[in-house]
1. Please work out if L372 is surrounded by fewer than 24 Cβ atoms within 10 Å (Cβ to Cβ) and closer than 17 Å to V157 by Cα.
2. Only one of G103, G130 is crowded, with 20+ Cβ neighbours inside 10 Å and either at negative phi or modelled with pLDDT under 85 (or both); which?
3. Being touching a Phe, Trp or Tyr at 6+ places or on another chain (Cβ under 9 Å), part of a helix (DSSP H, G or I) and without any contact (Cβ under 8 Å) to a residue 24 or more places away in the chain narrows it down to one residue among L382, L400, L388; which is it?
4. Quick check: anything in the stretch 294-301 surrounded by 18 or more Cβ atoms within 10 Å (Cβ to Cβ), touching a Leu at 6+ places or on another chain (Cβ under 8 Å), modelled with pLDDT of 95 or more and not hydroxyl-bearing (S, T, Y)?
Amino acid sequence: MGASAAPLPSARVSGRAKHGTHRRTRPGPRVLAASTSGIFVESFDWSLYALMAPYLADQMFPGSSPVARLLGAYLVFAAGFLARPFGSFLMGRVTDVRGRRAGLTYSVSLMALGALLIAVAPSSAVIGWGAAVLVVLARLVQGVAMGGEVATAATYVVESAPEAKRYRFGAFTYAGDALGALGATIVLAILLSTMGADAVRDGGWRIAFFVAAALGLVAFWIRRGAPESPVFLASQALDSRSSVRPIIRQHLPRMVLVFALTIGSTMGVYFGSIYLPQFAAHTGQISEEAATAQHTVALAVLLLAMIASGFLADRYGPLALIRLGFTAAATLTVPLMLGLASGLLPYFVAAPLFTLCIGLQLGVTPVTGARLFPVPIRAVALGIPAALAIALFGGTFPFLAEWFVDLGHLSWVPTYAGIGLAVSAFGSWLVTEKLLYSVDHMGGKVTTTDWSAAGSPR
């Protein structure tokens, strides 16, 4: 990479903006409600499809082989991730240009639309391959929405929260991710307990997607009334006409770092919150129904770990939590899962220990990542590498895991996850306090050989 580009006219948004005085106001309940509700709904919807894939596969995917139909359903789950990088660019630009609130409302609206389309789509017995096409279309719409959600919410929180409580605000917001996965698991457990697995496969799964669409409408209403980020408003007052392309080029090494951090994070999330009950069932040590019921404990531990990490990060800084979480997960994944497979560790022990490690970093990593970038490119520069990593390593995880199992190599599943977590553990040690910008940093000179040149501590 060559020399750095010229800095923006102003390197930081001061308290007194060009066209008036900007004063940071204490964020109210609407800020947290707006960020958390959308994260919850989008995690609920996204997790719901992965959990419901084994039940909707027979109705929505044609074919004579149950394994082929299930793999088809998981491929569509992965296809949704193909739209996430595009969604990160599209929604990121909307968020960086039109405002944080615009990005928040657009993303949750698209997610609700996709859930409704899946709920009402005719089965393959009625329209043949058209059913699978409609599911793919719905998943692509949801992929666009989800591609912008994580970065937009992180940007909104990091710019709206008080400095002394920034990471706990972020932790509560991203606890919505764990709550969404927990909510989807609870809905599935209720359907299985009240209707039975056969009835869920015969169309009961549609109930869950109607619930998802209704929750999306509620989140849209909440986000529509949310206040705009004060930092974004101040940056608009500067009325800068500088192109963002030079700033993005300056920050490409940081985008690579976000990519590395997201690899293990997304693999850990999709293994620990989505696929783990099915993995446990493949071991023969526990039924999938029992594992799904016990999995609520693992998700509760994930939630508590995320919230606790936010409070700890505000007191001691986020980097220690991120490093500890990734390093512990990379070290313990294979022993925990092999212990589960051999029967040495029960599910209610192995699963919560794994989600504990994931939660320690998950609550603070997105907000920390947002501080790697200045205000004009914050959403898009954080979102694109994260979405690419999620698409390549998160969306494909259930499919690859099922493929490994079908090949007779159950142990490859935790080994694969452990490798991804090791990559992120290594990346976490490359992030330093000097790399983290102040929240209102507008851009400036960044050399490509020394990432800390433009870094600014809190």
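1. yes
2. Checking each option against the conditions leaves just G103.
3. L400
4. Among the residues of the stretch 294-301, not one is surrounded by 18 or more Cβ atoms within 10 Å (Cβ to Cβ), touching a Leu at 6+ places or on another chain (Cβ under 8 Å), modelled with pLDDT of 95 or more and not hydroxyl-bearing (S, T, Y), which makes the answer no.
The values are calculated or read from the model by the stated rules, or taken from the named source; none is laboratory data. Note that the structure is predicted; figures quoted are calculated from it, not measured. All Cβ positions, glycine included, derive from the backbone under ideal geometry; neighbour counts span all protein chains shown.
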